[in-house]
Amino acid sequence: VPARSPPSEAAFWASKGLRVVNMSYGQHHAAAVDHRGGVWAWASSEPTPRQLPCRSRIASVASTDASLYAVTSKGKVLEWRDLFSADASADALALPSAEPRPLGGGLAKVTAASVAAGANHVLIVGKKGELVGLGDNRCGQLGLGAPEERPGCTEPTLLGPFASPVVAA
C-alpha cells in the first residue's frame, strides 16, 4: 500500500487564515464554504476565488450547471442564479452584487439540513426528513410522476410522502 501524504492547505486559503469545509462544482464555476460560513466562487477563466455577498452564515453549498444553492446555519436555502456569464467574449465569473435570494414555496415550513444538485435540479433534505425538489424532471429525477406530464417545477415543491424520513439526497 503506497504511503499517503497528509492534505496540504492551498496557498490562497492559508493566506487568508481560512479552511474550506465544503465545496461544489457547476459546469462553469466552483464554490467553497470557509470555516466562518463565507461563500467563495471562481471559474476556470478566473481561478482566484472571490467572496460572494451574503450576510448569512453558510453551512453547505451545491451547484447546478449555472446556479449555486446554499443552506444557512439557520436552515434556510439561498440561491445565486447564473454565476457564470455565458457571453463568450466576457468568459468570466459574473459575481452578483446583491444578496442571494431566499427560496420559498415548499420550503416555507421546512428547516433545511442539506442540499444536493444535479445539472439542472436541486434536492433539499429537511431536518425532519422532508424532501423538497426544484428544477428539471425530464428524466424523473425529482420523482414528480411521468416526466412528460410534469417536466419540472420552477418553485421548491414538497415531494413525497415517503414511507420513512429522508436522510440524504
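The values are calculated or read from the model by the stated rules, or taken from the named source; none is laboratory data. On a predicted model such as this, the values are computed, not experimentally measured, just so you know. Note: ideal-geometry Cβ built from the backbone for every residue, glycine included; neighbour counts use all protein chains shown. When the accessible area is computed, the model is the full protein with side chains, heavy atoms only, and any ligands, DNA or RNA have been set aside. Shrake-Rupley method; radii C 1.70, N 1.55, O 1.52, S 1.80 Å.
Quick notes
- Residue in the range 100-115 that is of a type outside the set (D, E, K, R), assigned to a strand (DSSP E or B), closer than 22 Å to His28 by Cα and in contact with a Ser or Thr (Cβ under 6 Å, 6 or more places away or on another chain) present: no
- All positions within the range 53-68 that are over 17 Å from Ala98 (Cβ atoms), among the hydroxyl-bearing types (Ser, Thr, Tyr) and open to solvent by 20 Å² or more (accessible area, probe 1.4 Å): Ser60
- Checking each residue in the range 79-106 for being modelled with pLDDT of 90 or more and open to solvent by less than 80 Å² (accessible area, probe 1.4 Å) picks out Glu79, Trp80, Glu99, Pro100, Leu103, Gly104, Gly105, Gly106.
- The selection criterion, being over 23 Å from Gly38 (Cβ atoms) and in a loop (DSSP other than H, G, I, E, B), does not hold for Gly135.
- Subset of the range 107-152 [in contact with a His (Cβ under 9 Å, 6 or more places away or on another chain), open to solvent by less than 30 Å² (accessible area, probe 1.4 Å) and at negative phi]: Gly133, Leu134, Asp136, Asn137, Leu142
- Note on the range 22-52: residues that are open to solvent by 90 Å² or more (accessible area, probe 1.4 Å) and either at pLDDT 90 or above or under 12 Å from Ser63 (Cβ atoms) (or both) total 5.
- First in the range 143-169 and farther than 9 Å from Glu130 by Cα, second anywhere and open to solvent by 70 Å² or more (accessible area, probe 1.4 Å), Cβ under 6 Å, 6 or more apart: Leu144/Arg150; Pro147/Arg138; Pro151/Arg138
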